[in-house]
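Below: one structure, written as structure tokens.
Just so you know, all these numbers are worked out from the coordinates, no wet-lab data involved. Please read all numbers here as calculations on a predicted model, not as lab measurements. Every residue, glycine as well, gets a Cβ built from its backbone with ideal geometry; the counts of neighbours run over all protein chains shown.
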Amino acid sequence: MVLASSFLLFVFFAFYILYSMIQGNIGIMNTASLTILGIAALFLAKQLGREWQSVKSDLRQPMQLKQTKNIYTLAALVTGAYVTFFLNHQWGLGGVLASAGVGLAGAYLFKKYAVAIYCGSFVGMACNIVFSNPWSFLLASLLAGVIFILAQDLFKGFGGKLGFMAFCGTVLASVLFRSPLRTLEPLSSDLYMPLLFIIIAAGMATYFLQDKFSFSPVTASALVGLIIAVLSPDPGHILVVAAFCATFAGMVSKERAKNYPEMFFLTLLTAILFIAVASLFDGSGGKLGATAFLATVSGRGLLDTLNWVKTSHIKPQQQSIDK
């Protein structure tokens, strides 16, 4: 029951974000871009169905929750959220520098809880105006922590899952405290090509660090994000934010992105979704990861379908022609 409820929460928020992307960009994005969003929604549904089949057998088994370990995990996530929130707003580092720094510190100093700390850091990227009430931020952190614990066996290997859970926690808290997220002006079309380039570069770099140097996903993502933010004159610039989003797509496992061409495709889809969601859900934590999560899940569904068409129809036809 708990696992099924967690899965349904993922499904609800996934389609909620994509629906908001499509609705919010009608009249702004061109027909081709809107069509891509529609295709992403279609293959998101397909991949969610596949994931449901993979976890359905686990529903009959009682969920084993290790109480002591979960308490430490929740504490690590909440601590990561508060440290990031403090560095972000009190020290003025900005969301990317604060989150990447906390993630990298967690990866080296607290390896056992590095993933939870990094997830919490995405909650800490939330806006201090939306979460001006300290109780609302505490609730967002706790909700993200509970979702993190309950959804550990769901969507393994997909990039952006940590941010997606942080997004769920911050959105739910903002609704419960009636502190709505904001909608900004859409991005200028002049930024589309620079965004495309930086997202592809950052996503591929993160995947490369995992593949060639055996970096953990947290270390690879945080390191790439930190380097780009430090080198940029403005660590809060939209290009830096976009690059950080791409690193979450680059956290994908080899089972989900089997080679560099597949990873390239996933980063390309991440770029399109980032442009579509840039003006939406401002003030939430985890929006960047949620965007990467939708890109890797729907992209994996599309890639699997293309591979099936290739092996089931194209290759047999070529073989018959050769004969």
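Per-structure values
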| item | result |
| --- | --- |
| Assigned charges on the beta-carbon of Lys, Arg, Asp, Glu; the chain dipole about Cα centre (debye) | 880 |
| Along each principal axis, Cα extent of segment 204-323, largest first, Å | 62, 34, 20 |
| Acute angle (nearest 10 degrees) that the helix 287-309 long axis makes with the longest principal axis of the chain, alpha-carbon atoms | 10 |
| Protection proxy ranking of 148-155, 19-26 - average other beta-carbon atoms within 10 Å, highest first | 148-155, 19-26 |
| Contact order relative to length of the chain, as percent, for alpha carbon pairs under 8 angstrom and 6 or more apart | 23 |
| Unit charges at the beta carbon, dipole of the chain: most positive-side option, V309, S141, Q90 | V309 |
| Projected label distance in nm at K112 and N259, using a 7 Å step from Cα toward the beta-carbon | 4.1 |
| Sorted peptide list for 129-135, 249-255, criterion being average Cβ within 10 angstrom, highest first | 249-255, 129-135 |
| Using θ = phi - 60° and Karplus 6.51 cos²θ - 1.76 cosθ + 1.60, couplings along segment 121-128 (whole Hz; Gly, Pro as x) | 4, 6, 4, x, 7, 5, 6, 6 |
| Near-label residues of segment 275-316 by backbone N, under 16 Å of a point 7 Å along Cα→Cβ of T183 | 276-284 |
| Distance-filtered residues of segment 1-34 - backbone nitrogen under 16 Å, label point 7 angstrom along V175 Cα→Cβ | 5-21 |
| Ascending count of other beta-carbon atoms within 10 Å, so fewest first, for R300, R50, R256 | R50, R256, R300 |
| Cα lying deepest toward the dipole's positive end in the chain, options I200, F43, L223, charges on Cβ | F43 |
| Computed [θ] at 222 nm, deg cm²/dmol, the chain (DSSP H ≥ 4; -39,500 (n - 2.57); rounded to nearest 500) | -23500 deg cm²/dmol |
| Fully extended contour minus Cα-Cα distance, from Y72 to F197, at 0.36 nm per residue | 41.1 nm |
| Cut-off 14 Å between beta-carbons: net charge of the residues surrounding D282, Lys and Arg +1, Asp and Glu -1 | +1 |
| Segment 157-306, dipole about Cα centre (Lys/Arg Cβ +1, Asp/Glu Cβ -1), debye to the nearest 20 | 360 |
| Stretchable slack from L231 to A45, in nm (0.36 nm times residue separation minus alpha-carbon distance) | 63.1 nm |
| Ordering of 260-269, 277-286, 214-223 by packing [mean C-beta count within 10 Å, highest first] | 277-286, 214-223, 260-269 |
| Ranking of C127, C168 by count of other Cβ atoms within 10 Å, fewest first | C127, C168 |
| Gap separating the Cα centres of segment 278-304 and segment 120-157, nearest whole Å | 16 |
| Diffusion constant of the chain at 4 °C, which comes from Stokes-Einstein with the Kirkwood Cα-pair radius and 1.567 mPa s, µm²/s | 66 |
